[in-house]
Amino acid sequence: MKLIVLAAGFATRLYPLTLKVPKALLPIGPVKNSSEKLLIDHVLDAASGITGINQVHIVANALFFDQFDAWAKNRQTDQDSPAIDLLNDGATDENKRLGAVGDLQFAIKERSIDDDIAVIAGDNLFSQPLTGFAEYCRTKHAPVVGVYDVGDIRLVPKYSAVKKQSDGLITFFEEKPPKPDTTLVAIALYYYPRHVLPLIKEYLDSGNNPDHSGRLIQWLYSRARCYAWPVPGTWLDVGSPETLEAARQMFGCENSLSSTNRNP
């Protein structure tokens, strides 16, 4: 199985912090060996719970590619960690971005991937490893999306509303619903078995939204059986100053602005 980490966004909601540093390379903490762990380090730590990964592909944009390259070269890993492959999607600013689904297809095409894939957005933070995800996905042999109960229906319009059966089969999926009636949301954690990969290209070739990865699942679940996997522990979508602060509080970053957790 291949892991694709989508980290090519420009994080405009975090300006000025992300004008010169990509969001995935922002320090989150804690301090270890005189340096703070970065957001991307936490993403990969969580992904270590996904068994069977033999290659990690990280998609970055052209503006910040050199910073990702420096990070990858200096990253300390154990001998059993899968190799990291960086891809440059060529985007130099927000107006030229390929979008999340566009970057996913770019990686598949650029590396001629013909394998099952797991996909994680580079700004999704998990409090614990994603243990059990791969095993669940392999039993379904169908697309799977991670889900999380945000507990407050007012937060759901920012995400994707999901309803599922007891076996995890998705029966309803709506990206950014205006009037949700569930607090269960989809997050940017996906599994696509090899036989489904051509449908990603079909989705894009049909003129569908390349930017929001949830739109792909919304399109896909009416065409193929898709399943939901409840994410263990705490999940944060680090997309605003408030959620960045909550992430730093969670992991004890020295750059945290306050000592009080904020609701993401």
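The values are calculated or read from the model by the stated rules, or taken from the named source; none is laboratory data. Because the structure is a prediction, the values reported are computed rather than measured. As a convention, Cβ positions derive from the backbone with ideal geometry for all residues, glycine included, and neighbour counts pool all protein chains shown.
The table that follows gives values for the structure above.
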quantity: Set 60, 83: member being modelled with pLDDT of 95 or more, touching a strand residue (DSSP E or B) at 6+ places or on another chain (Cβ under 8 Å) and among the small types (Gly, Ala, Ser); calculated: 60
quantity: Residues that are under 22 Å from residue 89 (Cα atoms), assigned to a loop (DSSP other than H, G, I, E, B) and in contact with a helix residue (DSSP H, G or I) (Cβ under 9 Å, 6 or more places away or on another chain), drawn from region 46-63; calculated: 61, 62
quantity: Only one of 28, 50 that is in contact with a Leu (Cβ under 7 Å, 6 or more places away or on another chain) and at pLDDT 95 or above; calculated: 50
quantity: Answer residue from region 62-104, given it is β-branched (Val, Ile, Thr) and within 19 Å of the chain's Cα centre (by Cα) and is surrounded by the most Cβ atoms within 10 Å (Cβ to Cβ) among those; calculated: 101
quantity: Evaluation of residue 10 against (1) under 25 Å from residue 110 (Cα atoms); (2) out of contact with any helix residue (DSSP H, G or I) (no Cβ under 6 Å at 6 or more places or on another chain); (3) part of a loop (DSSP other than H, G, I, E, B) (one fails), failing number; calculated: (2)
quantity: In region 61-87, the residues that are polar (S, T, N, Q) and over 19 Å from residue 38 (Cβ atoms); calculated: 79
quantity: Region 135-176, subset in a loop (DSSP other than H, G, I, E, B) and of a type in the set (Asp, Glu), residue surrounded by the most Cβ atoms within 10 Å (Cβ to Cβ); calculated: 152
quantity: In region 196-221, the residues that are touching a strand residue (DSSP E or B) at 6+ places or on another chain (Cβ under 6 Å), assigned to a helix (DSSP H, G or I) and farther than 21 Å from residue 9 by Cα; calculated: 218
quantity: Pairs, first closer than 21 Å to residue 87 by Cα and free of Cβ contacts under 8 Å to residues at least 24 places away in the same chain in region 8-26, second surrounded by fewer than 14 Cβ atoms within 10 Å (Cβ to Cβ) and not aromatic (Phe, Trp, Tyr), C-beta under 9 Å, six or more apart; calculated: 18/12
quantity: Region 42-61, subset under 12 Å from the mean Cα position of the chain (by Cα) and under 16 Å from residue 100 (Cα atoms), residue surrounded by the fewest Cβ atoms within 10 Å (Cβ to Cβ); calculated: 58
quantity: Lone unmet requirement of (1) modelled with pLDDT of 95 or more; (2) surrounded by 18 or more Cβ atoms within 10 Å (Cβ to Cβ) for residue 225; calculated: (2)
quantity: Single residue of region 105-130 satisfying the filter (assigned to a strand (DSSP E or B) and β-branched (Val, Ile, Thr)) that is nearest to the chain's Cα centre (by Cα); calculated: 120
quantity: Qualifying positions in region 116-140 - aromatic (Phe, Trp, Tyr) and more than 17 Å from residue 56 (Cβ to Cβ); calculated: 136
quantity: Candidates 190, 159 - the one that is at pLDDT below 95 and under 25 Å from residue 102 (Cβ atoms); calculated: 159
quantity: Among residues of region 232-250, those that are of a type outside the set (Asp, Glu), buried (at least 20 other Cβ atoms within 10 Å of the Cβ) and out of contact with any helix residue (DSSP H, G or I) (no Cβ under 6 Å at 6 or more places or on another chain), counted; calculated: 5
quantity: Residue check, residue 28 assigned to a strand (DSSP E or B), of a type in the set (A, V, I, L, M, F, W, C) and under 22 Å from residue 235 (Cβ atoms); calculated: yes
